[in-house]
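Here is the structure we will look at, set down as structure tokens.
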Amino acid sequence: MATGAFFNSLGYKFYVKAGTTASTNPTASTGMTEVLSLTDASIQGSTQTQDVLDYGSTLGFTASIVQQQSYTIPMSMNLNLNDAGYIVLKNAALNAASGTTVEWYRESPEMSTTGSPEYHSGVAWVTDFSESIAAGNVAQVTFTLTGYGSYTWSAETNA
């Protein structure tokens, strides 16, 4: 199986670029590096709410107010020391304390023959970076992209 064949066989593509906390969410993969050896890159969102009493009516009622939204992307990949995307991610993990983030862009498979595919993008810290090199197994790297701000979603468009 070719490097990254599993993730790519599903039609997904994941791109990264070194960033900072001043970076903005990318709108295209232009100038970014594709991560070729991925086996997982799922987005997990979280919303924290608090119930408050609304005094705007005579009876008052409880309403949920969103206080915080966040996301993480737990990722895993087969270790390929020559994968340029791996190198961007490893450098971002090692330099996170100095403000290094990654700009990321995940393109979903296109479901039509015309139009443009769905994409998600954002800016994130690389956290929980871990390498697993065990005899008899495929060497793997796992890490988490921890969102810095909110991510962008663009729906697939059909011409």
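Here the label points at Ser108 and Trp153, each 7 Å from Cα along the C-beta direction, are separated by 0.8 nm in the simple model.
So what's the net charge close to Pro74: Lys and Arg +1, Asp and Glu -1, counting the other residues with Cβ under 15 Å from its Cβ? Charge balance near Pro74 sits at -1.
One chain, two ends: Ser64 and Ile43. Fully extended at 0.36 nm per residue, the span grows by 5.2 nm beyond their Cα-Cα distance. The residues neighbouring Ala96, those whose beta-carbon lies less than 13 Å from its own, together hold a net charge of 0 under the Lys/Arg +1, Asp/Glu -1 convention. Fewest-first ordering of Leu145, Leu36, Leu94, Leu81 by other beta carbons within 10 Å of each residue's beta carbon gives Leu81, Leu94, Leu36, Leu145.
Footprinting exposure proxy ranking of Lys90, Lys13, fewest other C-beta atoms within 10 angstrom first, gives Lys90, Lys13.
Note on Trp153, Trp104: ascending count of other Cβ atoms within 10 Å places them as Trp153, Trp104, the fewest first. Summing charges over all other residues whose Cβ lies under 11 Å from the Cβ of Leu145, with Lys and Arg as +1 and Asp and Glu as -1, gives -1.
Rule-based calculations on the coordinates, nothing more; no lab input. Everything numeric in this text was worked out from a predicted model, so none of it was measured. As a convention, Cβ positions derive from the backbone with ideal geometry for all residues, glycine included, and neighbour counts pool all protein chains shown.
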